[in-house]
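Reading through the C-alpha cells given below for one structure.
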Amino acid sequence: MSSPAWLLSWLLVAGPFDAIAPRPVFDTKVEPAETLRWTEACQRMAAKLGPSRGPWQANLRRAQSIEAFVRHTGRSRFEAAAVVGRTIWLQPRPVFERIPGSDAIRRHECVHLYLRHLGVPPLNPALEEALAIGLSGQAARLPAGRQLRAEGLRRAGAILAKPKDPAQLRSTLQDVVSTLWPRLQALSPRARLTQLRRAGAAKHGLGPFASPPRHTQGSAEPRDAEE
Ligand SMILES: [Zn+2]
C-alpha cells in the first residue's frame, strides 16, 4: 500500500520534522554496527535541526592511530571524533570505546555534519559547539559556566579552535553552553536555522548571537570570561 500523494505533500509542508528527517547515506570504512549507530544518531539530529533538500551523503572513517586522527582532522589528540567537510573521523577503536558517552558523541558530531549538509558555513566554534552540545544532550551533564559577552565569546571561539588541554577545553565549553544554549534552545528549529545562517554570513560567525538578548529574566548581568 502506498501513501496517498496528498498525505505526502501535507507531510512535506506541515508535517513534524521527524517525518521528513533525512538519513545520511555513509560511504563507510568502519564496521556495519558502528555505521548504523552513526546513521541513527545523525537522523535524530537532523530531525531536531529541520528538513533539507536532496540526499545526504557523507563519509565515515576511522583513523589508524591517534597521530593519524590529529593529521586528518587538525584537532587535538584528546577528542574522540571530528567532522572535516563531509567526513566523520573516529579515533582508533580502542581509544573511541574508552571515552564515555559515545552515543552523545555521535549525536554531537552529527550536528556539525548536518549543518554542513544544510549549507551552513562553519560558525564561530563557541556558537557551533554550544549548539552541538545542547542538541546532543551533553549540556545536561555540564556544570554551569560563566555568562560571556561578545568579546568573551570571540576569545572562547579562538580557544575552542585550538584547545591546549582538556581542562581548558571543558571550562570554555561550560561558559559557551551556559551563555548560548538557552538562547538556541528557546528558538523554533526554523528560526534557529535562520539565525545560524545569519551568523555564518557574519564576521566572526556569531551574527545575532554576539550580543546578549534584549529581554533577560535572570538577575545576573552577563560578563566577560576575563575579569
Ligand atoms: Zn563539536
Legend entry - Amide H contacts under 5 Å for Gly145, placed H, 5+ residues apart: Ser178
Legend entry - Expected 222 nm ellipticity per residue - DSSP helices of 4 or more, -39500 (n - 2.57), all of the chain, to 500: -16500 deg cm²/dmol
Inset, instruction - Work out the charge dipole of the chain with +1 on the Cβ of Lys and Arg and -1 on the Cβ of Asp and Glu about the Cα centre, then indicate which of Leu36, Gly54, Ala210 is farthest towards its positive end. - result: Gly54
Inset, instruction - Amide H neighbours of Thr28 under 5 Å, at least 5 residues apart or on other chains, H built in the peptide plane: list them. - result: Leu60
Inset, instruction - Sort the following peptides by mean Cβ neighbour count (other Cβ atoms within 10 Å, averaged over residues), highest first: 54-60, 111-117, 163-169. - result: 111-117, 54-60, 163-169
Inset, instruction - Rounding to the nearest 20 debye, state how big the charge dipole of segment 122-211 is about its Cα centre with +1 on each Lys and Arg Cβ and -1 on each Asp and Glu Cβ. - result: 180 debye
Inset, instruction - For Arg53 and Glu31, calculate 0.36 nm times their separation in residues minus their Cα-Cα distance, and state this gained length in nm to one decimal. - result: 5.1 nm
Legend entry - Cα lying deepest toward the dipole's positive end in the chain, options Ser76, Pro121, Ala167, charges on Cβ: Pro121
Legend entry - Difference of contour (0.36 nm per residue) and Cα-Cα distance, Ala140 to Arg170: 9.4 nm
Legend entry - Two-decimal ratio, the chain, of alpha-carbon radius of gyration to 2.2 N^0.38 Å: 1.05
Inset, instruction - Express as a percent, rounded to the nearest 5, the fraction of DSSP beta bridges in the chain (both residues included) that run antiparallel. - result: 35 percent
Legend entry - Hz values of 3J(HN,Hα) by residue in segment 155-171 - Karplus curve (6.51, -1.76, 1.60), Gly and Pro given as x: 5, 4, x, 5, 5, 5, 5, 9, x, 8, 8, x, 5, 5, 4, 5, 5
Inset, instruction - Quick one: which residues, 5+ away or cross-chain, put their amide H under 5 Å from the amide H of Val84? H built at 1.01 Å from N. - result: Trp89
Inset, instruction - Only Lys, Arg, Asp and Glu count, each charged at its Cβ (+1, +1, -1, -1), so figure out the dipole size of the chain about its Cα centre, rounded to 20 debye. - result: 360 debye
Inset, instruction - Calculate, in nm to one decimal, what Arg23 and Lys162 gain on full extension: separation in residues at 0.36 nm each, minus their alpha carbon distance. - result: 47.0 nm
Inset, instruction - Considering Cα pairs under 8 angstrom that are at least six residues apart, work out the relative contact order of segment 67-216 and quote it in whole percent. - result: 22 percent
Legend entry - Separation of the Ala68 and Arg149 label points, Cα + 7 Å toward Cβ, nm: 4.8 nm
Inset, instruction - Would you calculate the volume per residue, in Å³, of the smallest convex hull containing every Cα atom of segment 19-119? - result: 89 Å³
Inset, instruction - Would you mind checking the pairs Lys48/Lys164; Lys162/Lys203; Lys48/Lys203 and listing those with alpha carbons more than 28 angstrom apart? - result: Lys48/Lys164
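Values in this text are rule-based calculations from the coordinates and carry no lab data. Predicted model, so just to flag it, every value in this text is computed and none were measured. Neighbour counts run over all protein chains shown; Cβ positions are idealised from the backbone, glycine included.
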